[in-house]
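Structure first, then comments.
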Amino acid sequence: MVNHQTIDNPAAHLSPEDLAALRENLHEQHLFRQEQLRQIAAAPRAEDLLRRRSAAQAEVQVKVAASARMVLADVEAALRRIAEGRYGTCHLCRRPVERERLMIVPQARYCARCQQVREAGR
């Protein structure tokens, strides 16, 4: 049996308290990643790092920055989905993303099943 309330409102499987907690978590992650990227940008440039540190340490810094930018983009996308009323719907199967999954990974775009399929295809 199809739950039309969930289809019409993807976040219907989340209580207002859940949604507020998830939004707050996403805002905190957003601030953290922005600050992380500011600190990385304020650090000496890669050329200076290479002179002072090993190449491996400089590479780690570059990868941390790339990861922070990727997570920041995911968080911003999740906040947009909340604002647009599309939060909590799997991008592939269009079913609700499990509440437990969202509580752990609030920026999740996919339900657990579709996430596993995506990862298996890599």
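The values are calculated or read from the model by the stated rules, or taken from the named source; none is laboratory data. These numbers were taken from a predicted model, which means no experiment stands behind them. No Cβ is skipped: glycine too gets one built from the backbone with ideal geometry, and neighbour counts run over all protein chains shown. Side chains included, ligands, DNA and RNA excluded: accessible areas come from the protein's heavy atoms. Shrake-Rupley method; radii C 1.70, N 1.55, O 1.52, S 1.80 Å.
Mind listing which GluC sites (Glu not before Pro) in the stretch 91-122 are in a DSSP loop and have 13 or fewer other Cβ atoms within 10 Å? It would help to have the intermediate numbers written out before the result.
Values: sites: 98, 100, 119; in loops: 98.
Qualifying residues, ordered by number: none.
Keeping every protein chain in place, order 122, 94 by accessible area at 1.4 Å, biggest value first, i.e. largest first.
Values: 122 200, 94 160 Å².
In descending accessible area the options line up as 122, 94.
Under 5 Å between amide hydrogens, which residues at least 5 positions from residue 89 or on another chain qualify, with H placed 1.01 Å from N in the peptide plane?
97
Sketch the reach of a paramagnetic label on residue 38 as a point 7 Å from Cα along Cα-to-Cβ, and name the residues of the stretch 69-108 whose backbone nitrogen lies under 20 Å away.
69-77
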